[in-house]
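The values are calculated or read from the model by the stated rules, or taken from the named source; none is laboratory data. Keep in mind the model is a prediction, meaning the values are calculated, not measured. Backbone-built Cβ (ideal geometry, glycine too); neighbour counts: all protein chains shown. Surface accessibility is based on the protein's heavy atoms, side chains included, excluding ligands, DNA and RNA. Shrake-Rupley method; radii C 1.70, N 1.55, O 1.52, S 1.80 Å.
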Amino acid sequence: MARFLPRLVGVGAVVLLALAGTAAAAPRLIYDASVNPPPPPISPPERRALIDLYLARGLSVCPDFQVLFRGSGRFTADQNQTFYLVSNCYTGRASNLYRERLAGDALILNGQNPVYFKAGFADDVAVLPAVGGSRLNAVLTKIWQGPTQGYFWNSTEIMRFAGGTFKSLVYLGPTYADKSTLGTVPTSSRRTLWFDSAAPNLLRMREFTSPQCDTCPDATRPYVPARAKQSLNVLIDLTRPPEDAPWMREP
């Protein structure tokens, strides 16, 4: 069966050592695509409360109702909130031939009160710090594609709440990609983001690429941290984000 949304555990020690050696003292790692945590544990009462919120909106709730992500931060206002990404009512293949499920819904709560809902928001999300001078947490969203013609990847962007909704701040291209082309060595690449709060409009993105290994014991396979080499190092100005850089393009 085709792979989709692999849930990776652990961090490639060699890669992190390489990052530590090349990064300046102040910037810190805020995202690492080689680490993809499993869905959060959700208690029956918490799940029931989320289902009740769906029903209160007049939405259907299906047996496949699942919380894909839960994170804390300040997303729509300068107060502590909880961000849920919920998969619900998948009844067949998504409209895109190379996708295996519909994107999850974004649901943000202030305490028990819903303050934001967006159906089909993303496949995965990660909470980032407040970047670009904002007081609100940014979120990294991922849409997964493939496998098709030997490629499996995500399309990733950083989004920030403004004007009543989440808007794109910068497109990051494929932060996770596995490529297998006839006649070439299959490769896997993973991107990382580095941020310095003293320079809130700048992000450093580094990518590492390794030969694929589906039989290696490392939990991050087919990506092999010990064999990975840096393949990209770019500084992104959030005040003037690039629009068509080569590294933004899909495989």
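Structure above, values below:
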quantity	calculated
Residues D218 and A119, FRET efficiency given R0 of 41 Å [Cβ-Cβ distance, rounded to 0.05]	0.65
Probe 1.4 Å - accessible area at K167, Å² to nearest ten	100
Among 152-162, 107-117, 240-250, the order from most to least packed when residues are scored by Cβ within 10 Å on average	152-162, 107-117, 240-250
Within straight-line cross-link reach of K229, lysines at Cα separation under 19 Å, skipping those fewer than 8 residues along the same chain	K179
Those lysines that a straight Cα-Cα span of less than 17 Å connects to K167, excepting residues fewer than 8 apart in one chain	K118, K142
Portion, in percent, of the accessible area of the chain that falls on carbon or sulfur, probe 1.4 Å	54
Protection proxy ranking of 198-206, 169-177 - average other beta-carbon atoms within 10 Å, highest first	169-177, 198-206
Sorted largest first, extent of region 151-251 alpha carbons per principal axis (Å)	47, 27, 23
Cleavage-rule hits (trypsin sites (Lys or Arg not before Pro)) in region 39-70: DSSP loop, at most 13 neighbouring Cβ within 10 angstrom	R57
Label-point separation in nm, K167 to V185, each point 7 Å along Cα→Cβ	4.5
Structure-derived Cα Rg over 2.2 N^0.38 Å - corresponding label in (i) 0.97; (ii) 1.10; (iii) 1.03	(iii)
Percentage relative contact order, the chain, counting C-alpha pairs under 8 Å, at least six apart	17
Two-site FRET efficiency, S231 against R28, from Cβ-Cβ distance with R₀ of 30 Å, rounded to 0.05	0.85
